[in-house]
Amino acid sequence: MSDLATDRRDVVRIRGWMPGGLMAMSSSGFDVEEAFWGYTISHAGGPRLALVLVQFLVLLTGALCAASGMTLLLLSPVSDIVFRSPLIFGCFAFSLLLMWYATRGLSSRYEIDTHRSELRRVVLNRTGLLTIQARYGFDSIANVYAEAVNDQTSRLYVRFRNGPGRIVVASGKPEDLEPLSVRLRRDMVLGVVQRNP
């Protein structure tokens, strides 16, 4: 029973309920938010500048494709519309694809759903909708461990049973990642063992 109480204190420390509040939470490199179905782990920093520039260029290219499709539609003689219609529809379809990509979110987060026993990688779109990129059952997860990148930064990995695949769930200071790795191990790895003896 004392181990569970220790784990709860560690989770509370991650949430930022300690002295320092939000400042302590953002300095760790990740945020943990509670929900009624489980919790989410998201990157505390802003999006990378390269990703913002790529999405802006893709949006600009999509707008140019839409403008060229509209120009072909309006300025073509009526007798040539039949022959140019594949090019016009191609321009509109390509512009829709590019604009869809440009309106996607800038960062992903991981949702640990303890009710459904699954780990989800989710992108929050700019429109406010969620897009699920990947979904993993707890029974496919073999281990949760932290690996040092340098002296001050570590990454928290989730490794799968059926292969060498692994994903990075969070990165930050090793002392901040340890309580989170204990909680993930308890929920994902040990929880499956306890449910399926």
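FYI, it's all coordinate maths here, none of it is from the lab. Predicted model, so just to flag it, every value in this text is computed and none were measured.
Annotations
- Percentage, to the nearest whole number, of Cα pairs in the range 49-102 over 19 Å apart: 34
- The range 165-186-the range 83-114 distance, computed between alpha-carbon centres (Å): 32
- Estimated translational D of the range 23-136 in µm²/s (Stokes, Kirkwood radius over Cα pairs; 10 °C; 1.306 mPa s): 93
- Relative to the current alpha-carbon distance between GLU175 and THR131, full extension at 0.36 nm per residue lengthens the span by 12.7 nm.
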